[in-house]
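Enquirer: Take this structure, written in structure tokens, and hold onto it; I'll ask about it next.
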Amino acid sequence: MNADLQNLDLFEGVSRIEDGSVDLIISDPPYGLGKDYGNDSDHVYGQDYVDFSRRWLDAVLPKMKPDGSMYVFLSWQHSPEVFSLFKTRMTMLNEIIWDRRVPSMGGSTRRYSSVHDNIGFFARSRNHYFDLDSIRIPYDAATKKARSRSIFVGKKWLEVGYNPKDLWSVSRLHRQDPERADHPTQKPLELVERMVLASCPPGGLVLDPFMGSGTTAVAALAHGRCFAGFEINPEYFAIAQERVLALSRPGTKAQAKSPRRRKNTAGVPVSLIAVE
Ligand SMILES: C[S@@+](CC[C@H](N)C(=O)[O-])C[C@H]1O[C@@H](n2cnc3c(N)ncnc32)[C@H](O)[C@@H]1O
């Protein structure tokens, strides 16, 4: 699969992507919470954050196919305003709540502790690509047993599993997690793989404007999709490149998490597009 990773500011590099060529955009921008990404990209707040969101949306939206879609990771501090803005340009299909499963250890004392991220799922039209069967969750044995009356036997929904809801409970990556790379806000592969499988056809193109450690790249390439992405910080870019190259090394431990595909993910042929 083609992997086009660029150590560039998205706003400089995006013109290299052909208009109307992208099936799926997965965007995990700086949240505007003052984190240190080796640059000041996360030190943007309030109306400036909404303006920044409008700028990157204007930059990437023309790249999307008419039946394409977009997932945007945000935090509750800015999601109401940014989702309102994005709804003027696309159809909002879901707000997915990512429950980071943070263990109870102290936390805020004058309000509730925040343990979720807000993920907006948008499409350009109601014709958007969505492959539900690829992300169904198998019913467990207890549920199947409870549905063993003759009227349920052989029912497709019982055999193929249920569709994921809009609350995704997936642990954030702790320091000790074998998946963890050296990036402060690396997202779990499990989340991003579900987005790729559901919303990008095999062989299609996934764009990540804020690549970080390359989670979207790994998820896309491991599942037979092409990838293009930008990362401004050279150290994070090197991590992303290394994670992608590791995919194609025979014998490397499989990185993809999705159980139904895991067996396919070591030794994936990846060709990195050279950047001049
Ligand atoms: C929230 S992190 C992405 C984390 C990523 N999803 C992962 O799993 O590793 C946002 C990233 O955007 C990068 N960034 C900030 N401004 C950028 C810009 N204008 N162009 C490209 N990358 C940028 C930051 O350096 C940071 O690594």
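Enquirer: How large is the convex hull of the C-alpha atoms of the stretch 1-123 per residue, in Å³? Provide the component values of the computation, followed by the final result.
Expert: Values: hull volume 18.0 nm³, N = 123.
Taking only Cα atoms, the stretch 1-123 has a hull volume of 146 Å³ per residue.
Enquirer: Between ARG55 and ILE151, with labels modelled 7 Å along Cα→Cβ, what's the label distance in nm to one decimal, could you check?
Expert: 5.9
Enquirer: Peptides 242-249, 44-51, 188-195: what's the order by average Cβ count within 10 Å, highest mean first?
Expert: Values: 242-249: 17.4, 44-51: 14.4, 188-195: 21.8.
Result, highest mean Cβ count within 10 Å first: 188-195, 242-249, 44-51.
Enquirer: If you don't mind, another one. Distance cut-off 27 Å, Cα to Cα: go down the list LYS65/LYS187; LYS87/LYS187; LYS65/LYS156 and report the pairs above it. It would help to have the intermediate numbers written out before the result.
Expert: Numbers: LYS65/LYS187 25 Å; LYS87/LYS187 24 Å; LYS65/LYS156 32 Å.
Exceeds cut-off: LYS65/LYS156.
Enquirer: Among VAL82, VAL206, VAL196, which one shows the biggest mean-square fluctuation in a GNM of the chain, springs joining Cα atoms closer than 10 Å?
Expert: In the Gaussian network model the winner is VAL82.
Enquirer: How high is the FRET efficiency from ASP67 to ASN39, r the C-beta distance, R0 35 Å, rounded to 0.05?
Expert: Values: r = 34 Å, r/R0 = 0.98.
Working from the Cβ atoms, E equals 0.50.
Enquirer: Separate question: At 0.36 nm per residue, and after removing the present C-alpha to C-alpha distance, how many nm does the segment from LEU132 to THR109 gain when stretched out fully? Show your work: numbers first, answer last.
Expert: Numbers: separation 23, 0.36 × 23 = 8.28 nm, distance 4.11 nm.
Here the answer is 4.2 nm.
Enquirer: Need one number for the stretch 55-125: average projected area of the convex hull over its C-alpha atoms, nm². Mind dumping the intermediate values first?
Expert: Working: hull surface 22.9 nm².
Computing the convex hull of the Cα atoms and averaging its projections yields 5.7 nm².
Enquirer: What spacing in nm lies between the two simple spin-label points modelled at ARG180 and LEU245, each 7 Å away from Cα in the Cβ direction?
Expert: In this crude spin-label approximation the distance works out to 2.4 nm.
Enquirer: About the Cα centre of the chain, what is the dipole size in debye to 20, counting +1 per Lys and Arg Cβ and -1 per Asp and Glu Cβ, all else neutral? Provide the component values of the computation, followed by the final result.
Expert: Numbers: 36 positive and 33 negative charges, 366 e Å.
For the chain, the charge dipole is close to 1760 debye.
Enquirer: What distance in nm separates the simple spin-label points at THR88 and ASP166, each placed 7 Å from Cα in the Cβ direction?
Expert: It is 2.2 nm.
Enquirer: Just to be sure I understand: with springs between alpha-carbon atoms less than 10 Å apart, which residue in ARG111, ARG55, ARG147 has the highest mean-square fluctuation in the Gaussian network model of the chain?
Expert: Comparing ARG111, ARG55, ARG147 in the GNM, the peak value goes to ARG111.
Enquirer: Turning to a different aspect of this structure: Using the Kirkwood formula on the Cα atoms of the chain, what hydrodynamic radius do you get, in angstrom to one decimal?
Expert: Details: mean 1/r = 0.0509 Å⁻¹.
Taking every pair of different Cα atoms in the chain, averaging 1/r and inverting gives 19.6 Å.
Enquirer: Report D for the stretch 66-187 in µm² per second (integer): Stokes-Einstein, Kirkwood Rh on Cα pairs, 20 °C, 1.002 mPa s.
Expert: Working: Rh = 17.7 Å.
Stokes-Einstein gives a translational diffusion coefficient of 121 µm²/s.
Enquirer: May I pose another question? I need to check one value: relative contact order of the chain, counting alpha carbon pairs closer than 8 Å and at least 6 residues apart, in percent.
Expert: Details: 522 pairs, mean separation 70.1, N = 276.
Contact order relative to length: 25 percent.
Enquirer: Tell me the net charge near MET90. Cut-off is 14 Å between Cβ atoms, MET90 excluded, with +1 for each Lys or Arg and -1 for each Asp or Glu. Could you put the intermediate results ahead of the total?
Expert: Details: positive: ARG54, LYS63, LYS65, LYS87, ARG89, ARG124, ARG126; negative: ASP58, ASP67, GLU95.
Surrounding charge for MET90 is +4.
Enquirer: Same structure, new question: For the stretch 130-203, treating each Cα as an identical point scatterer without solvent, what Debye log10 I(q)/I(0) comes out at q = 0.13, 0.27, 0.28 1/Å?
Expert: Relative scattering, expressed as log10 I(q)/I(0), comes to -0.57, -1.18, -1.22.
Quick note: the coordinates plus some simple rules give every number you see, no bench work behind them. This one's a predicted model, so the numbers in the text were calculated from it and none came from an experiment. Don't worry about glycine lacking a Cβ; one is built from the backbone with ideal geometry, like all the others, and counts go over all protein chains shown.
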